[in-house]
Every structure is written in C-alpha cells, then in structure tokens.
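Notes for the one structure printed next.
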Amino acid sequence: MASGLRFKDKVAIITGGCSGIGKGCVEVFVENGGTVVVFDINDKVGNTLSLPGPGNVSYIHCDVTNEEEIKNSIKLTVEKHSKIDCLINDVGMHHGSHLIDNLTVDSFRQILNINVVSMFAMSKYALPHLRKTKGSIVNMSSFSGTNAQAETPTYCSSKGAIISLSKALAIDEAKNGVRVNAVCPGPINTPLLQSWLEQEGEKGKLVKNWSQLGRFGEPREIGLACLFLAADATFTTGAELMCTGGCEIGYGVK
C-alpha cells in the first residue's frame, strides 16, 4: 500500500485548480509533497492560493482555450521548476439539460473547445517536457462520456471524446514512457454540480441516488484517484478509471 509523500520532488500542472475537482486534486498533491502549478482564470482565488502540506502551490493565469497563453504558461512553469512530471487536465463546462432542438451548433463548438480542444492543446505543449521525466497525463472525463444521460448530447459527446483522446495519446506516447489515462467521475460535490442541480429542480433531488453508495463524491476523492494514476499506477495507461460510486452498475431508473 502506498505511503509517505507520494509526489515528493515532482511537479504537476493542474488546470482549473481554483475550485471543484481541480482544487481537490491540488490539495491532495500538495499534501503528498508535490509542487503544484495551477492554471486557471480565477485570479481572485488563484492569487491567494495557500494550502497546508509539505508541498507548495503557485498560480498562473491561463485561459486554456488560448493557445498562446498555454504555451507561455508552460514555458514559465519549466523556467521556474525545471520540469513537469504530471499534467492534470480538469477544466470543463456543462450546458445544463437541453434537448438537441434547444442547443445551437455554436454551443456545441464552445463545449468542445473548452472540454476537449483545451486538453489537446495542453497535452501538445506539455508532452515535450513530460517525455523527459517519463511523466503522465490525467484527463478528466465523466461517466457521462461512457454511459451518457438524457438531455445532454453536447456534454456527453465532449466527455466521450476525452476518453478517445486519452487512449490514442496513450498508444502514441508509450514509446516515450509517458502514460495517459482518463478519470470518469460520477456526481461530485462541486459548484458545477450544485448549479446543475438547481436547474433540475425536483428531478435533481434524485441524483444522489444514482450511485450505489447513495451519496455524492467529494473533490478530494477524485484527487486521490489522480494521485494514484500519477504516482502509483506505473503499469496503467489508456485506462478509464471509474470514480462514480457505482452509478454505471445495476439497473437504473429510466
């Protein structure tokens, strides 16, 4: 069983690390001795980030839909810390529940740009550095990308694309010693989930019962899964790690 400081002397970039799952990942990696660089656009939170633990955290304003900002932010990270051992791509958005009739083509392009293209771009510019350290990438997908759900065609499509991107990169980067995996969370207690539940009204009250464990997951639990993939799962690549509390097993209410 893993023990001690599992990410000591290593450097991780975590996108979207100012809130939600991203912040849970930051907390876990810092507690395990990691140097964490948060890429986000929430300057108010980012510039005041301070977490207890033997590791340390810093912040760079980076819009992950802006290719130049990505390149510059990765350059700054390497200049300061000399290397990158892990990239966690966590930035994502959700349109809420809508039938295809009420979604525009532009809204689909927007969610693909934020949820998928950003991960492609981050991976593209981080990989030259990850190859040097034999590091890894963890991409945040969703059980919506493997199982789908009603009235979310754009979100499900984007999350499914993340899984395929991760597997394809895992094949290409194996020769370089870089592992690429996807984490597929179920309903996690984040601001994004709470916002969606408010939109759902009475129907939203049933979401907690999606999981076999009868509760929402916590951001730190996903952080622990990411740490496992980054630090311990040295023979794991191209995998989809389901962190859903069992949402996808058994017979659900249709």
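Here are some notes:
- Flag for LEU87 being of a type in the set (A, V, I, L, M, F, W, C) and either modelled with pLDDT under 95 or exposed (fewer than 14 other Cβ atoms within 10 Å of the Cβ) (or both): no
- Close Cβ contacts (under 6 Å, 6 or more residues apart or on different chains) running from residues in region 118-145 that are over 25 Å from GLY245 (Cβ atoms) and among the basic types (Lys, Arg) to residues that are surrounded by fewer than 17 Cβ atoms within 10 Å (Cβ to Cβ) and at pLDDT 95 or above comprise ARG131/ASN176; LYS134/GLY177.
- Selection from region 32-44 of residues that are in contact with a helix residue (DSSP H, G or I) (Cβ under 9 Å, 6 or more places away or on another chain) and more than 11 Å from GLY16 (Cα to Cα): ASN32, GLY34, THR35, VAL36
- Long-range neighbours under 9 Å by Cβ, at least six apart or interchain, first residue more than 21 Å from GLY246 (Cβ to Cβ) within region 193-215, second of a type in the set (Asp, Glu): none
- Set side by side, the residues ILE171, ILE188, ILE137, ILE163 differ, and just one is buried (at least 23 other Cβ atoms within 10 Å of the Cβ) and on the phi < 0 side of the Ramachandran plot, which is ILE137.
- For region 57-73, a tally of residues being in contact (Cβ under 8 Å) with a residue 12 or more places away in the chain, assigned to a helix (DSSP H, G or I) and surrounded by fewer than 17 Cβ atoms within 10 Å (Cβ to Cβ) returns 2.
The values are calculated or read from the model by the stated rules, or taken from the named source; none is laboratory data. Note that the structure is predicted; figures quoted are calculated from it, not measured. Glycine gets a Cβ as well: all are built from the backbone with ideal geometry, and neighbour counts include every protein chain shown.
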